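The structure under discussion appears below in the form of structure tokens.
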Amino acid sequence: MLANAIPMLGSVGSIVFVAMANPGPRGTLAAGMFLLASVGFIGVNGWRQRSQHQAAVVGARREYLAYLADLRGTVRHTARRQREAALWSSPDPRSLAAIAEERSRVWERRPGHPEYLHTRVGVGEQPLALELEAPETPPSPSSTPWPPPPPTGSSSRTATSRTSRWRSTCRRWPVSS
């Protein structure tokens, strides 16, 4: 605001000086031209600042959405690998006959194995092997942390924490004991 006020006051001073130095129609015309140029400068400067702000907001949003897409890919990859491991260690009971016929995994779990005497008891919710946390917002605008903070503040942070709670459990996965 102050950056716009100082040049505007200088322009007003120039307009008054030109009007006083040249009394009559020439001075009034020159002062009017100064006034028109000053108002045009103020308008263009305000438009430029607004455009820069909008570009910064769009850039921050684009960067944050790219971060979320990358995080979504990581979560999906982790969930897929975790599901494969869960189905390997606790196969569907309908497939146990085929596994026993194949004979490659029959003596896999001996007394020293970490999953010895573990059995599948059904399907249910399992926690994701990856802990999801909402990114911290920066203390000042000059520091740019990675991952970037949510662009819209606390409401986006609440939505992110809701999303992380929703994504942190996997439904209908094998449960063993």
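Using Cβ contacts closer than 10 Å as the measure, can you line up 176, 95 from fewest to most? Please report the intermediate quantities before stating the final value.
On the way: 176 13, 95 10.
Sorted ascending by nearby Cβ count, the order is 95, 176.
Can you list the residues, at least 5 places off or on another chain, whose amide H is less than 5 Å from the amide H of residue 170, using H built in the peptide plane?
For residue 170, the qualifying residues are 126, 128.
Distance between the C-alpha centers of segment 93-110 and segment 37-77? Whole Å please.
About 57 Å separates the Cα centre of segment 93-110 from the one of segment 37-77.
Taking square-rooted eigenvalues a ≥ b ≥ c of the alpha carbon gyration tensor, is segment 91-139 rounded, prolate or oblate, where a/c under 1.5 means rounded and, failing that, a/b exceeding b/c means prolate?
Cα axes put segment 91-139 in the prolate bin.
Could you work out the Rg to Rh ratio of segment 11-72, with Rh taken as the Kirkwood radius (inverse of the mean 1/r over all Cα pairs)?
Answer for segment 11-72: 1.51.
Mean separation of Cα pairs under 8 Å and 6+ residues apart, divided by the residue count of segment 1-53: what relative contact order is that in percent?
Here the relative contact order equals 33 percent.
Calculated FRET efficiency, residue 98 and residue 177, Cβ-Cβ r, R0 25 Å, to nearest 0.05?
For R0 = 25 Å, the calculated efficiency reads 0.60.
Read-outs throughout are calculated quantities, based only on the coordinates presented, and are distinct from any laboratory measurement. Owing to the predicted nature of the structure, the values given are computational and were not obtained by experimental measurement. Ideal geometry is used to build each Cβ from the backbone, glycine not excepted, and the neighbour counts take in all protein chains shown.
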